[in-house]
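Contents: one structure, followed by commentary.
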2 protein chains.
Amino acid sequence: MRMAFIGLGVMGYPMAGHLVKAGHEVTVYNRSQDKAAAWATAFAGKTAATPGAAAAAADVVCVCVGNDDDVRAVIFGTDGALAGISPGSLLIDHTTASASLARELHAVTGQQGVGFLDAPVSGGQAGAENGALTIMVGGDRHDYDRAEPALAAYARACQYIGPAGSGQLAKMVNQICIAGIVQGLSEGLHFARRAGLDVDAVIGAISKGAAQSWQMENRWQTMVNGEFEFGFAVEWMRKDLGMTLDEAGRNGARLDMTRLVDNYYAEVQELGGNRWDTSSLIARLERT
Amino acid sequence: MRMAFIGLGVMGYPMAGHLVKAGHEVTVYNRSQDKAAAWATAFAGKTAATPGAAAAAADVVCVCVGNDDDVRAVIFGTDGALAGISPGSLLIDHTTASASLARELHAVTGQQGVGFLDAPVSGGQAGAENGALTIMVGGDRHDYDRAEPALAAYARACQYIGPAGSGQLAKMVNQICIAGIVQGLSEGLHFARRAGLDVDAVIGAISKGAAQSWQMENRWQTMVNGEFEFGFAVEWMRKDLGMTLDEAGRNGARLDMTRLVDNYYAEVQELGGNRWDTSSLIARLERT
C-alpha cells in the first residue's frame with residue numbers, strides 16, 4: 001500500500017519503519033529534515049518536503065506528532081496534509097489529542113471524501129520499537145476495516161471503539177486508571193519504607209492478589225530505587241490529564257482523584273521531574 | 001498436629017476445615033456455639049467451650065476474628081487463649097488488626113514461652129474456601145518456619161515479612177494499593193459512561209497494558225452493572241484504612257489519596273453500602 005507517515009518522534013520513527021518492513025511503500029515527513037533523511041537511509045524509504053507532498057504520494061496517511069496544535073499545523077497548515085491528500089484516501093491520527101479535534105477532523109475530511117480515524121496508541125517507546133502497540137480507534141467502522149491490515153504492522157492489539165473521538169476518549173480512560181494505580185502504588189511503597197518493611201518481601205506477598213497491577217509488576221523496583229527513566233514522561237501525562245479533565249468538564253464526569261493526581265504531577269515537575277516517567281509520583285512523597 | 005481454631009466466620013470456618021482435611025487434629029471455639037457445633041459435624045472435629053479450653057488442647061492456636069477488640073477478648077479475656085495455652089506452643093493471629101497489637105501480643109506471649117505470629121490473609125471468602133489465601137507473616141523467623149507447614153493447608157502463598165507487626169503492615173500496603181486502583185478504575189469507568197463509550201470495547205483495548213490490574217480484570221463488568229456482592233465489605237475496608245492512617249500518623253507516611261478514598265468509602269456507607277464490596281466506590285460517582 002502507498003502510505004505516508006508524518007512525525008518521526010520516538011514513536012513515529014519506529015512505527016514508520018515497521019510499515020516498510022511490512023511491505024508498504026512509505027513516504028515520510030518530519031519537521032526536522034535531518035531526522036527524515038536518517039530514517040530514509042535506515043529503512044530505504046522516501047522523504048517529502050511538506051506534509052502535503054507526503055500525503056499526495058499515499059492512499060493512507062498516518063500522523064503522530066505532539067499535541068492538538070501540532071496536528072492542526074501538519075494537517076490544516078500551508079502545504080499541510082489536507083492540501084495534498086486525494087479523495088478516497090484515509091487519514092489516521094496516532095497523536096494523543098483532544099476528542100473535539102478528532103470530531104472536527106472527521107467532519108472536515110469527510111467533506112473532501114477522505115476518511116479519518118483517531119487512533120492514539122499505548123505501549124510507549126518500547127511498544128513502538130517492537131511493533132507491539134495497543135491502538136484505540138474512533139471513526140467510521142468501514143474506515144477502520146480498511147486501516148486495520150496496515151496498522152497491524154506495529155500493533156499487538158487494535159480495537160475499534162466507536163464514532164470519531166472515541167479512540168481519544170478511550171485513551172483518557174486508560175490514563176485515569178493509571179493515575180489511580182500509580183498514586184496508590186506510590187503511597188503503598190512510601191508507607192512500606194516508612195514502616196521499615198522489607199519491600200521486596202511485601203511485594204512478593206501482595207503482587208498476585210487483589211492489589212496486583214502491571215505498574216506494580218513492572219515499576220515497583222525502579223520506583224523504590226528512584227529511577228524514573230522508563231517511558232512516558234510527566235509532561236506528556238499532564239497534557240493527557242489536562243485534556244481528560246477538560247472533557248470531564250463537558251460530560252459531567254466527577255474525576256476528583258484524577259484532578260488531585262494531576263496536581264501531584266505538577267509538584268513532580270516543580271521537583272525537576274518534567275521528563276521523568278509517570279511512576280515518579282512517589283518522588284514527591286519521599287521528600288523529607 | 002494438635003491445632004485450635006478460634007473464630008468461625010466466613011474466613012475461619014473454611015480455614016479450620018482445611019486443617020482437618022490436611023490431617024490435623026482440630027479443636028474449634030466460636031462465640032456462637034451453634035456455628036461451632038455445625039462445623040464439628042461437617043468436618044468431624046472437636047469443639048471447646050472457651051478459647052482457653054481450645055488452646056489447652058493444641059500446640060498451634062489460630063485466631064481469626066473481627067478486630068483488635070475481638071482479638072483482645074479471645075486472647076486476654078477470662079478463659080481466653082492465654083489462660084489455656086502451654087509453653088512451647090504457637091499462637092497465630094489471622095485477624096487483620098493493628099501492628100501495635102501484634103507487637104504487644106508478641107511481647108506478652110514471649111514472657112509465657114509462647115511464640116506469636118501476626119498473619120493477616122488476603123484472597124477473601126473464595127480464597128478461604130478454596131484454600132488459596134495469601135498470608136503475610138510477622139514475628140520470629142523460627143516460629144514462621146514451624147508454622148508454615150500447617151498454614152499450607154489454606155495458603156496459596158505464604159510470605160515471611162519481618163519482625164512482629166510486619167504482617168499487619170504488609171496488609172496495610174495491600175489495602176493502600178487497592179484504594180488507588182479501585183478509585184482510578186471507578187473514575188475511568190464513570191468517565192467512559194459519561195462520554196458515551198462502549199465500555200466493553202474500551203476495556204478490551206486497555207486491559208493488557210499499563211492500566212491493567214486484577215481489579216480491572218475481575219471487577220469492571222460488575223462495577224458497570226452496579227453489582228457489589230463480590231467480597232470484602234466496605235465496613236471492613238474502612239476498619240483497615242483507619243488502622244493504616246493511624247499507623248501513617250506514627251511513621252510519618254503521607255497518604256493523601258488513601259485518606260481521600262477512606263472518605264469516599266464513608267460516602268458509600270451513607271448510600272447504604274456498608275456491606276457492599278470495595279468496588280462500590282463507583283456508586284458515589286454514578287449518583288446523578
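The values are calculated or read from the model by the stated rules, or taken from the named source; none is laboratory data. All of these numbers come straight from a predicted model, not from anything done at the bench. As a convention, Cβ positions derive from the backbone with ideal geometry for all residues, glycine included, and neighbour counts pool all protein chains shown. Only protein heavy atoms, including side chains, enter the accessible area calculation; ligands, DNA and RNA are left aside. Shrake-Rupley method; radii C 1.70, N 1.55, O 1.52, S 1.80 Å.
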Exercise. Measure nothing but the geometry: give the 0 to 90° angle between the long axis through the Cα atoms of A:99-111 and the longest principal axis through the Cα atoms of chain A, rounded to 10°.
Key: 10 degrees
Quiz item: DSSP loop trypsin sites (Lys or Arg not before Pro) in segment B:1-70 with at most 16 other Cβ atoms within 10 Å of their Cβ, which ones?
Solution: B:31
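Taking every DSSP beta bridge with both residues inside segment B:2-162, roughly what % is antiparallel (nearest 5)? Don't skip to the answer; put the middle values down first.
Values: 4 of 29 bridges.
Antiparallel bridges make up about 15 percent of those DSSP assigns within segment B:2-162.
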Quiz item: Build a GNM of chain B with springs between Cα atoms under 10 Å: which of B:245, B:260, B:82 gets the top mean-square fluctuation?
Solution: B:260
Quiz prompt | Nearest 10 degrees, 0 to 90: helix B:12-21 Cα axis against chain B principal axis | solution = 60 degrees
Quiz item: Based only on the alpha carbon positions, what is the Kirkwood hydrodynamic radius of the protein assembly as shown, in angstrom?
Solution: 25.8 Å
Exercise. Alpha carbons only, please: Rg and Dmax for chain A, in angstrom.
Key: 20.2, 65
Self-check item: Residues in segment A:162-200 that a label on residue A:267 would reach, taking backbone N under 11 Å of a point 7 Å out along Cα→Cβ
Solution: A:187
Self-check item: Reachable aspartates and glutamates, given that their alpha-carbon falls under 19 Å from the alpha-carbon of residue A:46 and they are not under 8 places away in the same chain
Solution: A:25, A:34, A:59, A:79
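Given the Cα atoms of segment B:169-286, and with Rh set as the inverse mean 1/r over their pairs in the Kirkwood sense, what is Rg to Rh to two decimals?
Details: Rg = 14.4 Å, Rh = 14.7 Å.
Here Rg/Rh amounts to 0.98.
What does the C-alpha gyration tensor say about the overall shape of segment B:35-86? Classify as rounded when a/c is under 1.5, otherwise prolate if a/b is larger than b/c, or oblate. Please list the in-between numbers first.
Details: a/c = 2.13, a/b = 1.39, b/c = 1.53.
The shape class here is oblate.
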Quiz prompt | Helix A:166-194 vs. chain A, principal-axis angle (Cα, 0 to 90°, nearest 10) | solution = 20 degrees
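Relative contact order, percent, of segment A:1-110 when contacts are C-alpha pairs under 8 Å separated by at least 6 residues?
This gives 27 percent for segment A:1-110.
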Exercise. Counting only heavy atoms of the protein chains, get the accessible area per residue of the protein assembly as shown (1.4 Å probe) and round it to a whole Å² value.
Key: 36 Å²
Exercise. In square nanometres and to one decimal, what's the mean projected area of the convex hull around the Cα atoms of segment B:2-162?
Key: 7.7 nm²
Exercise. State, to one decimal in nm and shortest first, how far the label point of residue B:140 sits from each corresponding label point in the other identical copies (label point: 7 angstrom along Cα-to-Cβ).
Key: 7.7
Exercise. Report the residue, chosen from A:201, A:157, A:16, that carries the largest GNM mean-square fluctuation when chain A is represented by alpha-carbon nodes joined by springs under 10 Å.
Key: A:201
Quiz item: Using alpha-carbon positions, what is the distance between the centroids of segment B:225-288 and segment A:1-31, in Å?
Solution: 48 Å
Quiz prompt | Pairwise Cα inverse-distance average, inverted: Kirkwood Rh of segment A:149-190 (Å) | solution = 12.5 Å
Exercise. Mind grabbing the interface size between B and A? I mean buried accessible area, both sides, 1.4 Å probe, in Å² to the nearest hundred.
Key: 4800 Å²
Exercise. Every other copy gets compared here: list the nm distances from the residue A:287 label point (7 Å along Cα to Cβ) to its counterparts, shortest first, one decimal.
Key: 3.4
Quiz item: What relative contact order, as a whole-number percentage, does chain A give when Cα pairs under 8 Å and 6 or more residues apart are counted?
Solution: 13 percent
Quiz item: Who wins for biggest fluctuation among B:149, B:14, B:51 in a Gaussian network model of chain B, springs between alpha carbons below 10 Å?
Solution: B:149
Quiz item: Given the rule -39500 (n - 2.57) for each run of at least 4 DSSP H residues, summed and divided by the residues of chain B, what is its mean residue ellipticity at 222 nm, to the nearest 500 deg cm²/dmol?
Solution: -16500 deg cm²/dmol
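Hey, could you get me the Stokes-Einstein D for segment B:186-247, Kirkwood radius over alpha-carbon pairs, 4 °C and 1.567 mPa s, rounded to whole µm² s⁻¹?
Numbers: Rh = 13.4 Å.
The diffusion coefficient I find is 97 µm²/s.
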Quiz item: Among the lysines, which fall within straight-line cross-link reach of residue B:171, defined as a Cα-Cα distance under 19 Å, with same-chain neighbours fewer than 8 residues apart omitted?
Solution: A:208, B:239
Exercise. Report, for residue B:73, each distance to the same residue's label point in the other copies, shortest first and in nm; define the point 7 Å along Cα→Cβ.
Key: 6.9
Quiz item: How big is the gap, in Å, between the Cα center of segment B:101-149 and the Cα center of segment B:196-217?
Solution: 36 Å
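Could you look at segment B:2-162 and say what percent of its accessible area is carbon and sulfur, using a 1.4 Å probe and all protein chains? All intermediate terms of the calculation are to be shown ahead of the outcome.
Working: 3010 of 5990 Å².
Using a 1.4 Å probe with all protein chains present, segment B:2-162 comes out at 50 percent carbon and sulfur.
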